[in-house]
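Participant: Shown below is the structure under consideration.
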Amino acid sequence: MTAQPNAYYPNLLKPLDLGFTELKNRVLMGSMHTGLEDREKKFPRLARYFAERAEGGVAISVTGGFSPNLEGSFYPGASKLSSSREIKRHLQVTGAVHEAGGKIALQLLHAGRYAYHPLSVAPNRIKSPITPFAPIALPGWGVKKQINDFAEAALLAQKAGYDGVEVMGSEGYFINQFLVEHTNRRDDEWGGSFANRMKLPVQIVQRVREAVGPEFIIIYRLSMLDLIENGSTWEEVVLLGKAIEQAGATIINTGIGWHEARVPTIVTSVPRAAFTWVTEKFRQEVAIPVCTTNRINDPQVAEDILSSGQSDMVSMARPLLADPHFVIKAQSGRASAINTCIACNQACLDHTFEAKEASCLVNPRACRETELNYLPTAQPKNIAVVGAGPAGLAAATVAAERGHAVTLFDKANCIGGQFNMAMRVPGKEEFENTLRYFGQLIETTGVKLELNTEVTAAQLKGFDEVLIATGVKPRVPNIEGLDHPSVLYYTDVLRGNAPLGNKVAVVGAGGIGFDVAEFITHAGSSSTLNPEAWFKEWGVDRSYQTRGGLIAKEPSPPTREVTLLQRKDEPLGKRLGKTSGWVHRAALRDKQVRMLSHCEYFKIDDRGFHILVDHKPQLLEVDNIIICTGQESLRDLMAPLEAAGIKAQLIGGADVAAELDAKRAIDQGSRVAAQI
């Protein structure tokens, strides 16, 4: 009997026939390194992590990268598959996924010069700008050894129960490094002409196919747009793609950008589905299925991509970290109940690059599926949560989901707390989806919501548990003249739309200071909502007439003159997230924001802002000074509660005020509610 098309997303949920096997829909969970891959004792957790996504409807998942040998691993002790002794741990993962009705492929990833150890190897001894070690230049026999190791690792993956492998030929890793003259300056059979440079990936796929036989999925992650100087041309991409198809690949997956590229590809300011155009362009060149990727976090976006013929599949990585039941919710017409990935990178990629276990800001259960579960309570309680910011929303909805009776109070007229300010910052529009998700959860879990209510201690009598999530307020620095009419706080600007002059000083260069500077240098909507403007701002050549797809940037002019200041004697933005901080810094440079460090703030008067920079006096003749010097916890309710003998617990910013840390707030709120 032929399966009927899904009424909601017929193309997204349509099976894909690969000849020897079938994928139940067009959703591939893209590879993400979680940190669980690196230790054998963590494989039970890795198995549960992937099984939950398979239960949620994902057709095929791709693991984080496993190196085919020691020299290709990211760092000492990092994940690899090079010995039959390692098969047993992988059987836990593949068995769990198959039992859940899904398929899984192991990604073979050789770091090349991106490795963080002195044994790294590459085509030439050319150090990467993002790693500390210069690699060892491989001799000819060493190149052949790497090819052989890929084939042997694929065979081990097959024996470990995987349905396929993904050969990572993108993002600037080992295979990419052989393809372009930027990193390959050899004069032997593996260098020189592109025909020689492409021999490595083609022979890897050929050898893998010989090793695993015809009925095994081989996904090749092809770098379709390098976004680096002297990268591949479009003609070279096509030539390689066709050769990979002939070598035996089952699916070609899209790779965008090298890690050292200075064009953002996955952060929240990147427009949704920004790079599907290159997949569509490539799809016309091959006969095998092609998968597109990057910033696809909504089922309707995915459906539109597939229905318009841009690709045969969609890869979603972080969206399935955020909501493992993404596919089932789409299938049942509950897209509004999806916990949408906001592409913040704070708990996933930032953790990975800090050698921490990955998780998810909006879903703290991600990679914690065996330890953080919201089980039904045996003793329902009457719980009050004061404050409907991220911590309060998480605590209230988790507690209600477990069966507690929850009342959520907030003095504002809407939920969200300081998230309502964050989502107004250009490039952070996605944050609104988190509030949409929590709004629906409030309804479905039965939380009683009391807005426009400044709750008192008397109103909280009779509750079994009281959670205080009242958030933070701006910290007031010690600066003479702070009461001058030119002075504003970040809340006045982001929430109150306070009028600003043409020259503005922003005091404090943490995350809030950068957000405020971004906000006040833009006119109207951000380029995140206008892909063509975004491509111009970042210098992406959609005509693909240039190597690597790069052209000169054309940033839009700033709306005002801004100076961003900090006390610390270090580069501004140094403490921002590793994977997104450079984007914020580059965006402000393009808006001609003046950045000053090692500042002392002397006084504010009618002449302007008197400061010292490196102990030398300066006068900033500005119209406004915006204070972004941190936060203090709002705990005003605690004293009257204690006086009334009511026990309460602080969570979120009310507990620890630190740079509007929504990651910590949602995690803490969820964990506290899971234990009540």
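The values are calculated or read from the model by the stated rules, or taken from the named source; none is laboratory data. Keep in mind it's a predicted model, so treat the numbers as computed, not measured. Here the Cβ positions follow ideal geometry from the backbone for every residue, glycine too, while neighbour counts run over all protein chains shown.
Participant: With free of Cβ contacts under 8 Å to residues at least 40 places away in the same chain, part of a loop (DSSP other than H, G, I, E, B) and under 26 Å from the mean Cα position of the chain (by Cα) as the only criterion, which of 272, 262 stands out?
Facilitator: Among 272, 262, only 272 is free of Cβ contacts under 8 Å to residues at least 40 places away in the same chain, part of a loop (DSSP other than H, G, I, E, B) and under 26 Å from the mean Cα position of the chain (by Cα).
Participant: Return the pair list, or none, for Cβ contacts closer than 7 Å from residues in segment 137-151 that are assigned by TED's automatic domain parsing to the domain that holds residue 168 and closer than 13 Å to residue 122 by Cα to residues that are modelled with pLDDT under 95 and buried (at least 21 other Cβ atoms within 10 Å of the Cβ), at least 6 apart or on different chains.
Facilitator: The qualifying pairs do not exist here.
Participant: Residue check: is residue 69 within 24 Å of the chain's Cα centre (by Cα) and touching a residue at least 60 places away in the same chain (Cβ under 8 Å)?
Facilitator: So residue 69 does not fit the description; no.
Participant: Going through 442, 551 one at a time, which residue ends up being surrounded by 14 or more Cβ atoms within 10 Å (Cβ to Cβ), within 30 Å of residue 338 (Cβ to Cβ) and at pLDDT 95 or above?
Facilitator: 442
Participant: Another one. Report yes if residue 567 is charged (D, E, K, R) and in contact with a strand residue (DSSP E or B) (Cβ under 9 Å, 6 or more places away or on another chain), otherwise no.
Facilitator: Spelling it out, residue 567 is indeed charged (D, E, K, R) and in contact with a strand residue (DSSP E or B) (Cβ under 9 Å, 6 or more places away or on another chain).
Participant: Is it true that residue 76 is modelled with pLDDT under 95 and closer than 29 Å to residue 346 by Cα?
Facilitator: So residue 76 fits the description; yes.
Participant: Another question, if that's okay. Name the one entry in 384, 405, 422, 358 that is under 20 Å from the mean Cα position of the chain (by Cα) and over 30 Å from residue 42 (Cβ atoms).
Facilitator: Unique residue meeting the criteria: 422.
Participant: Identify all residues within segment 557-584 that are among the basic types (Lys, Arg) and within 18 Å of residue 629 (Cα to Cα); write none if there are none.
Facilitator: Answer for segment 557-584, where residues must be among the basic types (Lys, Arg) and within 18 Å of residue 629 (Cα to Cα): 567, 568, 574, 575.
Participant: Residue check: is residue 16 touching a residue at least 24 places away in the same chain (Cβ under 8 Å), crowded, with 24+ Cβ neighbours inside 10 Å and not assigned by TED's automatic domain parsing to the domain that holds residue 250?
Facilitator: Against the criterion (touching a residue at least 24 places away in the same chain (Cβ under 8 Å), crowded, with 24+ Cβ neighbours inside 10 Å and not assigned by TED's automatic domain parsing to the domain that holds residue 250), residue 16 does not qualify.
Residue-by-condition table, conditions (1) modelled with pLDDT under 95; (2) assigned to a helix (DSSP H, G or I); (3) within 33 Å of the chain's Cα centre (by Cα):
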{"position": "117", "(1), (2), (3)": "no, no, yes"}
{"position": "153", "(1), (2), (3)": "no, yes, yes"}
{"position": "175", "(1), (2), (3)": "no, yes, yes"}
{"position": "178", "(1), (2), (3)": "no, yes, yes"}
{"position": "183", "(1), (2), (3)": "no, no, yes"}
{"position": "187", "(1), (2), (3)": "no, no, no"}
{"position": "195", "(1), (2), (3)": "no, yes, no"}
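Participant: Being of a type in the set (A, V, I, L, M) and under 14 Å from residue 629 (Cβ atoms) is the filter here, so list the residues in segment 494-516 that pass it.
Facilitator: 505, 506, 507, 509, 512, 516
Participant: Checking the condition in contact with a His (Cβ under 7 Å, 6 or more places away or on another chain), within 23 Å of residue 485 (Cβ to Cβ), buried (at least 22 other Cβ atoms within 10 Å of the Cβ) and not acidic (Asp, Glu), which residue from 611, 626, 604 passes?
Facilitator: 604 is the lone residue from the list that is in contact with a His (Cβ under 7 Å, 6 or more places away or on another chain), within 23 Å of residue 485 (Cβ to Cβ), buried (at least 22 other Cβ atoms within 10 Å of the Cβ) and not acidic (Asp, Glu).
Participant: Picking from 355, 378, 388, 366, which residue would you name as being in a loop (DSSP other than H, G, I, E, B), out of contact with any Lys or Arg (no Cβ under 8 Å at 6 or more places or on another chain) and modelled with pLDDT under 95?
Facilitator: Only one candidate passes the filter, namely 355.
Participant: For segment 451-476, name all the residues that are crowded, with 17+ Cβ neighbours inside 10 Å and not aromatic (Phe, Trp, Tyr).
Facilitator: Selection gives 455, 457, 460, 465, 466, 467, 468, 469, 470, 471, 472, 474.
Participant: How many residues, within segment 555-600, are of a type outside the set (A, V, I, L, M) and within 17 Å of residue 344 (Cβ to Cβ)?
Facilitator: Number of matching residues: 10.
Participant: I need the full set of residues from segment 441-494 which are among the polar types (S, T, N, Q), in contact with a helix residue (DSSP H, G or I) (Cβ under 9 Å, 6 or more places away or on another chain), farther than 30 Å from residue 505 by Cα and assigned to a loop (DSSP other than H, G, I, E, B), in order please.
Facilitator: Result: 453, 456.
Participant: Among 412, 422, which is over 24 Å from residue 581 (Cβ atoms) and of a type in the set (Gly, Ala, Ser)?
Facilitator: 412
Participant: Output yes when any residue across segment 626-648 is more than 40 Å from the chain's Cα centre (by Cα) and on the phi > 0 side of the Ramachandran plot, and no when none is.
Facilitator: yes
Participant: Additional query: Take the residues in segment 75-91 that are on the phi < 0 side of the Ramachandran plot and within 27 Å of the chain's Cα centre (by Cα), then tell me which one is surrounded by the most Cβ atoms within 10 Å (Cβ to Cβ).
Facilitator: 81
Participant: Can you tell me which residue within segment 381-437, out of those that are aliphatic (A, V, I, L, M), touching a residue at least 60 places away in the same chain (Cβ under 8 Å) and farther than 21 Å from residue 658 by Cβ, is surrounded by the fewest Cβ atoms within 10 Å (Cβ to Cβ)?
Facilitator: Across segment 381-437, the extreme among qualifying residues is 383.
Participant: Between a first residue in segment 207-221 that is outside the structural domain of residue 248 (by TED's automatic domain parsing) and of a type in the set (Gly, Ala, Ser) and a second residue that is at pLDDT below 95 and in a strand (DSSP E or B), which pairs have beta carbons less than 9 Å apart while being 6 or more apart in sequence or on different chains?
Facilitator: From residues that are outside the structural domain of residue 248 (by TED's automatic domain parsing) and of a type in the set (Gly, Ala, Ser), there are no pairs.
Participant: Follow-up question, since we're still on this one. Could you pull out every one of the strands (runs of 3 or more DSSP E) wholly within segment 584-664 that has 2 or more residues that are under 30 Å from residue 552 (Cα atoms)?
Facilitator: Ranges flagged: 594-596.
Participant: Suppose we filter 343, 347 for residues that are part of a loop (DSSP other than H, G, I, E, B), small (Gly, Ala, Ser), more than 20 Å from residue 102 (Cβ to Cβ) and touching an Asp or Glu at 6+ places or on another chain (Cβ under 7 Å); which single one remains?
Facilitator: 343
Participant: Applying the selection to segment 47-62, what residues are over 20 Å from the mean Cα position of the chain (by Cα) and either part of a helix (DSSP H, G or I) or at positive phi (or both)?
Facilitator: Correct list: 47, 48, 51, 54, 55, 57.
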